[in-house]
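Participant: One structure coming up, written as structure tokens, with questions to follow.
The values are calculated or read from the model by the stated rules, or taken from the named source; none is laboratory data. The structure displayed is predicted, hence computed values, not measured ones. Cβ placement follows ideal geometry from the backbone for every residue including glycine, while neighbour counts extend to all protein chains displayed. Accessible surface areas use protein heavy atoms only, side chains included; no ligands, DNA or RNA. Shrake-Rupley method; radii C 1.70, N 1.55, O 1.52, S 1.80 Å.
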Amino acid sequence: MTHNEIDTLVKSWIIDTATGPVNPRVQQVVFGLVSALCKTIEDLDIQATEFWSGLEYLRESAVRNELGLLAPGLGLERFLDIRADEAEAKAGLLGGTPRTIEGPLYVAGAPESKGFARLDDGSESDKAEVLFMQGTVRDEQGKPVPGAKVEVWHCNLMGGYSFFDQTQSAFNLRRTIIADGEGRYQFRSILPVGYSCPPDGTTQRLLDQLGRHGHRPAHIHFFISAEGQRKLTTQINIDGDEFLWDDFAFASREGLVPAVRKVTEPAAIAAKGLDKPYSEIDFDFRLYAERQAAPAAEVERVRAAA
């Protein structure tokens, strides 16, 4: 069949059969997806066994709760960010902190504090390197944004995230920090590590078929929001990681790899109440003001809440 013939056939299924009220957007999207899939089946001569194997794969991925991992692994979440960047550029928004993928591991309701928070529960203190990260939330003009909300989360030394990893305490390595009157935030945590897709999972199984690894570099996630400002979804990567520019989720971006300073001076260590060297990161977030010409910055999706 030609592509035009397929479009006509799919239209007869999805559009011409409608007899009741129609959601035009849903109809448009379903028609586009079914038509594109039928064309792929035709162009690649996909057999029935292959088709049903694909559906079973998606079913298993959903059961294992890996669809949120599969989307970034195939570049789909990065593609959404690329489109959002293009739309913001068309609206005249340039120069802010780059966005990057949210991933599937945010949990709403993390404990809130003003100006400073300690993220880790101390359970890995004997093995981990202490990290202090601080900076200022700024607007488009570079002015501080007092009271900005900084939501931050990252994994432990085993690559696990609290809530999803039941061995960790509630909200370990997750906090909400309300910036002080000068827009400043700071937190103490542990230096995170990179991690990989579950080796026995559906995502890694597909990546194996594609000849790809499933590793992510060490990183820290952020939501930054404030009244009158566009919400920023981003993450910073830890410089020096083996997979810094080879992230299976395609989330590494220029402007999101701050310098990591190793602090070894005894006076500085003592001032932090520590007895060993620590790492330090300075990073300012720069937000765009909300405006009607720009697409929505808030992504509505199902997220975990504890």
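Participant: Just reorder Leu33, Leu67, Leu274, Leu173 by solvent-accessible area, largest first, 1.4 Å probe, all chains present.
Facilitator: Accessible-area ranking of Leu33, Leu67, Leu274, Leu173, largest first: Leu33, Leu67, Leu274, Leu173.
Participant: Using a Cα distance threshold of under 20 Å, what count of lysine pairs results for the range 107-247 when pairs must be 8 or more residues apart or interchain?
Facilitator: Eligible lysine pairs with Cα atoms under 20 Å apart amount to 5.
Participant: Determine the dipole magnitude for the chain: charges of +1 sit on the beta-carbon of Lys and Arg, -1 on that of Asp and Glu, nothing else is charged, the reference point is the Cα centre, and the result goes in debye to the nearest 20.
Facilitator: Value, rounded to 20: 820 debye.
Participant: Still on this structure, I have one more. When the helix-only estimate is applied to the chain (DSSP H runs of n ≥ 4, each -39,500 (n - 2.57), divided by the residue count), what is the mean residue ellipticity at 222 nm, nearest 500 deg cm²/dmol?
Facilitator: -8500 deg cm²/dmol
Participant: I'd like the per residue volume of the convex hull spanned by the Cα atoms of the chain, given in cubic angstrom.
Facilitator: Cα convex hull per residue, to the nearest whole number: 172 Å³.
Participant: Among Val302, Val263, Gln292, whose Cα sits farthest toward the positive end of the charge dipole of the range 251-306 (+1 at Cβ of Lys/Arg, -1 at Cβ of Asp/Glu, about the Cα centre)?
Facilitator: Val302
Participant: Sort Val263, Val34 by accessible area with a 1.4 Å probe, largest first.
Facilitator: From most exposed to least exposed: Val34, Val263.
Participant: Using a cut-off of 10 Å between beta-carbons, work out the net charge of the residues near Gln134 (Lys and Arg +1, Asp and Glu -1, Gln134 not included).
Facilitator: -1
Participant: In the Gaussian network model of the chain, springs joining C-alpha atoms below 10 Å, which of Ala91, Ala294, Ala268 carries the largest mean-square fluctuation?
Facilitator: Comparing Ala91, Ala294, Ala268 in the GNM, the peak value goes to Ala268.
Participant: Right, another one. Using a basic spin-label model with each label point 7 Å from the Cα along Cα→Cβ, how many nm lie between Val26 and Thr264?
Facilitator: Computed distance between label sites Val26 and Thr264 equals 6.3 nm.
Participant: How many angstrom lie between the C-alpha centres of the range 55-75 and the range 201-245?
Facilitator: Their Cα centres are 17 Å away from one another.
Participant: Right, something else. Express the carbon and sulfur contribution to the solvent-accessible surface of the chain as a percent, rounded to the nearest whole number, probe 1.4 angstrom.
Facilitator: C and S atoms contribute 56 percent here.
Participant: Then there is this: Roughly how many debye, to the nearest 20, is the charge dipole of the range 128-263 about its Cα centre, given +1 on each Lys and Arg Cβ, -1 on each Asp and Glu Cβ, and no other charges?
Facilitator: Taking the Cα centre of the range 128-263 as origin, the dipole is about 300 debye.
Participant: Ordered by residue, what ³J(HN,Hα) values in Hz, to whole numbers, does the range 260-269 give under the Karplus form 6.51 cos²θ - 1.76 cosθ + 1.60, where θ = phi - 60° and Gly and Pro are x?
Facilitator: Values, residue by residue: 10, 9, 8, 9, 10, 5, x, 5, 5, 5 Hz.
Participant: Taking only protein heavy atoms and a 1.4 Å probe, what accessible area per residue, in Å², does the chain have with all protein chains in place?
Facilitator: With all protein chains present, the chain gives 53 Å² per residue.
Participant: What residue among Pro21, Pro266, Pro104 shows peak mean-square fluctuation when the chain is described by a Gaussian network model with Cα springs under 10 Å?
Facilitator: Of Pro21, Pro266, Pro104, the most mobile in the Gaussian network model is Pro21.
Participant: Just to check I understand the Karplus step: with θ = phi - 60° and J = 6.51 cos²θ - 1.76 cosθ + 1.60, what whole-Hz values come out for the range 123-129, glycine and proline as x?
Facilitator: Residue by residue, the range 123-129 yields 5, 10, 4, 6, 10, 8, 8 Hz.
Participant: Quick one: which residues, 5 or more positions from Gly135 or on another chain, have an amide H under 5 Å from its amide H? H modelled 1.01 Å from N in the peptide plane, none for Pro or chain starts.
Facilitator: Placed amide hydrogens put Tyr185, Phe283 under 5 Å from Gly135.
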